[in-house]
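Chemist: Before we start, here is the structure in question, set down as structure tokens.
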Amino acid sequence: METIAEIRLRSFFITDDIIQKEIQKLDKKLVLSQEISFHSKPNYKEVKELLHSFLNRTKFTWVDLDIYFLVKTERPVLFPRRTKTEVFVFGKKKVILENIEEIVGRIICGKRWIKKEVGISPKQEFNIKNFLIL
Amino acid sequence: MLTGEEMKLKKLYIKKKKIENKIVECEGQLVLSETLIVWKHPIDFQEILAILKSFLNRNNYTWFDITLHSLNPANDFAFFPNRNSRFRIYLFGKKMFILRNIEEIVQRIVHGHTIEMEEAVVSWKKIPGVEDFI
């Protein structure tokens, strides 16, 4: 037999679950998650061109990009061993396009950087919630 | 400027935060999380039975989240029991249910056997919480 407090708690859990599902549905409509890999060292021109054409092609309002650069190691190895530099970019498409030059520069640096509606980080730490609940 | 869907998402995040706060509040009223230290090693049935019974009877919570530690005798006065424990087991469950099945539960604890019952769990790993039962 459940107590009133338990029934109350259960209804909170159910409501929380319903809200979570609605959030996920809206998230999917708004945010495009995409991996972009470069088989070379970070190159300003190449990154800018690819990012520009990619953003112009997508209809999503927000993008969640996992950009990585594969770089061959200099040691002579049997297999073409590569190291990976990974940068996560989360932000509003419009803002990224407006500030593309600065943002590409930040992506190449790979350091954590946050602006009004864009976040760049070596870790996957930003999501739409960070920018909507400011 | 936020779009209609972004505003909707923002409202959902705020609603979710409020529900989560209510869950934390309600859980705080229902569940007591406590670490109980057993000073003897190896632990014995009678001692655990007495500790658990007196602890459950002294507290008015409906659910209990108990971590049982048995300390290394050399470190009786250690400041960090987690680092010096020889034995650590988790018990999560409804007070009434634990009291009704206390002998079986204590047997499991003493022998270090995990068990999932209707309204209680004994486990080596941290048990998720009241959500799994209600």
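Chemist: For the residues B:Thr67, A:Thr15, what sequence is obtained by ranking on other C-beta atoms within 10 Å, fewest first?
Modeler: Result, fewest neighbours first: A:Thr15, B:Thr67.
Chemist: Using 1/(1 + (r/R0)^6) with R0 = 41 angstrom and r between the beta carbons of A:Asn130 and B:Gln46, what's the FRET efficiency to the nearest 0.05?
Modeler: 0.15
Chemist: Evaluate the charge dipole of chain B about its Cα centre and quote only its size in Debye, nearest 20, assuming +1 on the Cβ of each Lys and Arg and -1 on the Cβ of each Asp and Glu.
Modeler: Value, rounded to 20: 500 debye.
Chemist: Further, regarding this structure: Please give the contour-minus-distance gain from B:Lys125 to B:Lys22: 0.36 nm per residue of separation, less the Cα-Cα distance, rounded to one decimal in nm.
Modeler: Length gained, B:Lys125 through B:Lys22: 34.4 nm.
Chemist: Moving on. What number comes out for the charge environment of A:Ile23, summing +1 per Lys or Arg and -1 per Asp or Glu over other residues with Cβ under 15 Å away?
Modeler: Overall, the nearby charge balance is +4.
Chemist: Go ahead and estimate [θ] at 222 nm for chain A from helices alone: -39,500 (n - 2.57) per DSSP H run with n ≥ 4, summed, over the residue count, rounded to 500.
Modeler: -14500 deg cm²/dmol
Chemist: While we're on this one: Between B:Lys8 and B:Thr114, how high is the FRET efficiency from 1/(1 + (r/R0)^6) when r is the Cβ-Cβ distance and R₀ = 51 Å? Nearest 0.05.
Modeler: 0.70
Chemist: If you take the Cα atoms of region A:6-134, find Rg, then find the Kirkwood Rh from the mean of 1/r over all pairs, what is Rg/Rh?
Modeler: The Rg/Rh ratio comes out at 1.11.
Chemist: Below 8 Å between Cα atoms, with a sequence gap of 6+, how large is the relative contact order for chain B in percent?
Modeler: 22 percent
Chemist: For the residues B:Lys22, A:Lys59, what sequence is obtained by ranking on other C-beta atoms within 10 Å, fewest first?
Modeler: A:Lys59, B:Lys22
Chemist: With a 10 Å Cβ neighbour count serving as the proxy for reagent exposure, in which order, fewest first, do A:Glu46, B:Glu27 appear?
Modeler: Least crowded to most crowded, the residues run A:Glu46, B:Glu27.
Chemist: What is the magnitude of the charge dipole of chain A about its Cα centre, with +1 placed on the Cβ of each Lys and Arg, -1 on the Cβ of each Asp and Glu, and no other charges, expressed in debye to the nearest 20?
Modeler: It works out to roughly 460 debye.
Chemist: A follow-up question, please. Which entries of A:Lys84/A:Lys123; A:Lys29/A:Lys111; A:Lys93/A:Lys123; A:Lys59/A:Lys115; A:Lys84/A:Lys116 have Cα-Cα distances beyond 18 Å here?
Modeler: Pairs exceeding 18 Å: A:Lys29/A:Lys111; A:Lys93/A:Lys123; A:Lys59/A:Lys115; A:Lys84/A:Lys116.
A short reminder: the numbers here are calculations on the coordinates, not readings from a lab. For clarity, every value in this text was computed on a predicted model and none was experimentally measured. Note: ideal-geometry Cβ built from the backbone for every residue, glycine included; neighbour counts use all protein chains shown.
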